[in-house]
1. For the structure I just gave you, tell me whether F:Thr98 is in contact with a helix residue (DSSP H, G or I) (Cβ under 6 Å, 6 or more places away or on another chain) and surrounded by fewer than 23 Cβ atoms within 10 Å (Cβ to Cβ).
2. Here is a check on your reading of the model: is C:Lys170 charged (D, E, K, R), modelled with pLDDT under 95 and out of contact with any Phe, Trp or Tyr (no Cβ under 9 Å at 6 or more places or on another chain)?
3. What number of residues in region F:50-66 are in contact (Cβ under 8 Å) with a residue 12 or more places away in the chain, over 11 Å from the mean Cα position of the chain (by Cα) and crowded, with 20+ Cβ neighbours inside 10 Å?
4. May I ask you to list the residues in region B:23-45 that are within 10 Å of the chain's Cα centre (by Cα) and aliphatic (A, V, I, L, M)?
5. Quick one: which residue in D:Leu6, D:Leu22, D:Leu90 is farther than 22 Å from D:Arg126 by Cα and crowded, with 23+ Cβ neighbours inside 10 Å?
6. Would you check which residues across region B:105-133 are aliphatic (A, V, I, L, M), modelled with pLDDT of 95 or more and not in a helix (DSSP H, G or I) and list them?
7. Among residues belonging to region D:25-53 that are more than 17 Å from D:Ile121 (Cβ to Cβ) and in contact with an Asp or Glu (Cβ under 8 Å, 6 or more places away or on another chain), point out the one that is farthest from the other protein chains (Cβ to nearest Cβ).
8. Would you tally the residues in region E:50-71 being closer than 18 Å to E:Val152 by Cα and touching a strand residue (DSSP E or B) at 6+ places or on another chain (Cβ under 6 Å)?
Protein chains: 6
Amino acid sequence: MAGRGLYIGRFQPFHLGHLHALKWILDREEEVIIAIGSAQYSHSPYNPFTLGERVEMIWRVLKDEELTDRCIIVGVPDTNGIHSLWTSLLKSFLPTFTRAYTNDPLSALLLRESGVEVKGIPFFKREIYEATRIRRLIAEGGAWEELVHPRVAEYIKEIGGVERLRKLFKLS
Amino acid sequence: MAGRGLYIGRFQPFHLGHLHALKWILDREEEVIIAIGSAQYSHSPYNPFTLGERVEMIWRVLKDEELTDRCIIVGVPDTNGIHSLWTSLLKSFLPTFTRAYTNDPLSALLLRESGVEVKGIPFFKREIYEATRIRRLIAEGGAWEELVHPRVAEYIKEIGGVERLRKLFKLS
Amino acid sequence: MAGRGLYIGRFQPFHLGHLHALKWILDREEEVIIAIGSAQYSHSPYNPFTLGERVEMIWRVLKDEELTDRCIIVGVPDTNGIHSLWTSLLKSFLPTFTRAYTNDPLSALLLRESGVEVKGIPFFKREIYEATRIRRLIAEGGAWEELVHPRVAEYIKEIGGVERLRKLFKLS
Amino acid sequence: MAGRGLYIGRFQPFHLGHLHALKWILDREEEVIIAIGSAQYSHSPYNPFTLGERVEMIWRVLKDEELTDRCIIVGVPDTNGIHSLWTSLLKSFLPTFTRAYTNDPLSALLLRESGVEVKGIPFFKREIYEATRIRRLIAEGGAWEELVHPRVAEYIKEIGGVERLRKLFKLS
Amino acid sequence: MAGRGLYIGRFQPFHLGHLHALKWILDREEEVIIAIGSAQYSHSPYNPFTLGERVEMIWRVLKDEELTDRCIIVGVPDTNGIHSLWTSLLKSFLPTFTRAYTNDPLSALLLRESGVEVKGIPFFKREIYEATRIRRLIAEGGAWEELVHPRVAEYIKEIGGVERLRKLFKLS
Amino acid sequence: MAGRGLYIGRFQPFHLGHLHALKWILDREEEVIIAIGSAQYSHSPYNPFTLGERVEMIWRVLKDEELTDRCIIVGVPDTNGIHSLWTSLLKSFLPTFTRAYTNDPLSALLLRESGVEVKGIPFFKREIYEATRIRRLIAEGGAWEELVHPRVAEYIKEIGGVERLRKLFKLS
């Protein structure tokens, strides 16, 4: 099944569950496109980090794991609720791919309606590695650092991400 | 001057002049962000290729030249004439960078007004390696293949790019 | 009171309550514009069908009921929360009309502020013929087919609409 | 070749050349979707009439020619230069169709790339029935009325269209 | 600390708490820019008044209080959830300012990240002078008039604002 | 004819011809709304200054001329070519006005179609006080300072406007 897989997520933030999924796909495909969705959003409890910050997190992990020659990172804006345009935008923003990997039901539905082969990804300890939970832990001062790659933990602290999340959660 | 350089262009298409510039920057910086501007446009004589197609071209060259571990490709939409938002969008879409390299006067003006250090890039045989000229050569059946990397020439032919440019030029 | 009535709705989907209302307006006006609102949205539990799919549903019913020479179908995008532009957009997208028929309080408020005569429509067994309820019935495998015109039931099944709604409701 | 044809145009204004083309398609297809492009634009020399005004023109002609039961009128906004989204938007705004009829090279290119069968339409006295020429004739007080259907001529005068075009042409 | 302060709010509607805050800032700064946020929204329970109506309210109060030579009113659209562009848009829409005054945590976070000095404003009887509460009182026929400046009360009644709020609240 | 006049322009930059026109309107109306159009654009040869910079120019002149209690400055974005929405946007962004003053034929056409009374403004030495000419003079180092109010000349130099125009003109 060697080809180029598409791995879609928002990666808010990129955590060890994501890395596990990425490696699982890399066992099956020669290369992987990491598509960072909702590219334009940031500074909300649901989407705290900018696209650039998410690219940086993933890049640092790829370097550390020596995966830069097999992974292409691409940001994809969402279409502001106009779902019928999403696959079209996605395809025009991405290099060619063989099949998509996602557990998100709407993405899967839209991709399948447009003729793309879609596969699920086995969850890796989902009760622990889950972005919503990790954002809350960061905001509340919980034990989040072990849930992300050391390079990501470092970077989040470097840009004042903990403070930002704490403030954003007070808002919502 | 080791840091992370930002190299901005539309890369319609990515040609040997671009590759030359990229290597020149890589001599000066540890890493380079290749920012592909006007990400959302395609299928016009000025912007024939989609973002995804431009990412693919550059990726194939980076693989061939063994540069994937030093170059981060990112697409950046333009702001539809609202220039005062462009640097802000750029910064939010890009990982951190130390300085920018561009010969485009508007990009340079906007980046400098927002506090970014901007450097020019020595042109490499500009009368030959120039994207406007290369697009015309492709459309008119001229000798364009030697002006791009072999991986790019291959890819443009693979996706029917010659035919597309020929049709787009009949339009304009 | 012969003129051209404007009948506004989202028609997600077009059901027998809508058809009843349409006929009630056709008793009062020579012609009716059927304005399909929120034209750009689809693939959500609240707006499952594309504009094209809604046009198709209504068109098949109009053909069956021999009403194509008295009804003009027009899609109207919503203005993304910028309500002060909505009547303006509506008027520029629609042919001339004499008065509007709607039970939606915001539409009525905006139309009246812009000088349009607005009339309510008597509800027809609203507890039964109500789009929110019908969408849920489709998603949950309930008895929805008798609540829409046979042409609409046929069409929804033809395009895999039952399956789509089932998946969209799992999402939300 | 009986099916549903798609006839795409801007119809600024709908003239006898358009009507001729429509009838030619109706000889080949059971039904025709008349897709009015650049739906959102008006009040410029290139796009003088609103979508609603163009729908009205076409509707009056269809009534007069007793074609309302074979023609579906739909407005389609353009995607503001983002051509890779256009076919996707088009398909989501339109009911199902079998094949497209257009002489516009960009529309043909985009539709073919997305897998749609595209056919050309024989021009009908193009040196006479051409929208650019007709707009200029209206603006300059030339003999335009015989170039459109009597219902269209009537309507353009009814809404002050001659005066509008005269003013718009002074602008440009 | 004489300079030009920036006072940011939505002013839905401009009430005596706002006027109190404005005067408090005017004690500290030579001039104040009154930035009216979410400029494009109106006709919802949360944002009932148009930008123009809010400018009118504030202008009438400034005239009455003889403050027109120290206050510059500017409307600023919001960026539709794309928070990383907001300070950039704000700065391009506003004349120069020395520091910002706001109690809104997201505005403060974004302004501080972009290098602006931000100060809080002491609340003035917040349990009474609070816009959410005042909108509800207007809608429900409560005692709202004494909570706004007489010029504002007059104006809201003049434009049918009470009736509008009553209808909008029935909606939500 | 005492009321509130609307004076529309782009004011790129605000020059003595504009000030002359403003005073001419102030002779006829109690108050004037100065509507700054194309609010979102800047950094192009046609629209060099941001909205904020134009507000600042006009504000400094109004202060100097002691006109702040009779003039309301409001920025109005343009509608990106969707002219049918422009008057609607304008009305929602502006406080009430009695009549409009403009020499721009498209603005006049659109305002009149929406029922607004429009008056022309006598040109004041147009061959000298014309914004296009003044922008060119600034860019080319000509004698522009005497064509604007001293406060405006000062401010343009203060923000590096001469340098910006010089660079922008090299672009185009």
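The values are calculated or read from the model by the stated rules, or taken from the named source; none is laboratory data. The structure displayed is predicted, hence computed values, not measured ones. We place every Cβ from the backbone using ideal geometry, glycine too, and count neighbours over all the protein chains shown.
1. Working: in contact with a helix residue (DSSP H, G or I) (Cβ under 6 Å, 6 or more places away or on another chain): no; surrounded by fewer than 23 Cβ atoms within 10 Å (Cβ to Cβ): yes.
In short, no.
2. yes
3. The number of residues fulfilling the criteria is 4.
4. If the condition is that a residue be within 10 Å of the chain's Cα centre (by Cα) and aliphatic (A, V, I, L, M), then B:Ile34, B:Ala35, B:Ile36 are the ones that fit.
5. D:Leu90
6. Residues satisfying the conditions are B:Val116, B:Val118, B:Ile121.
7. Filtering region D:25-53 for residues that are more than 17 Å from D:Ile121 (Cβ to Cβ) and in contact with an Asp or Glu (Cβ under 8 Å, 6 or more places away or on another chain), the one farthest from the other protein chains (Cβ to nearest Cβ) comes out as D:Ser38.
8. So the answer is 8.
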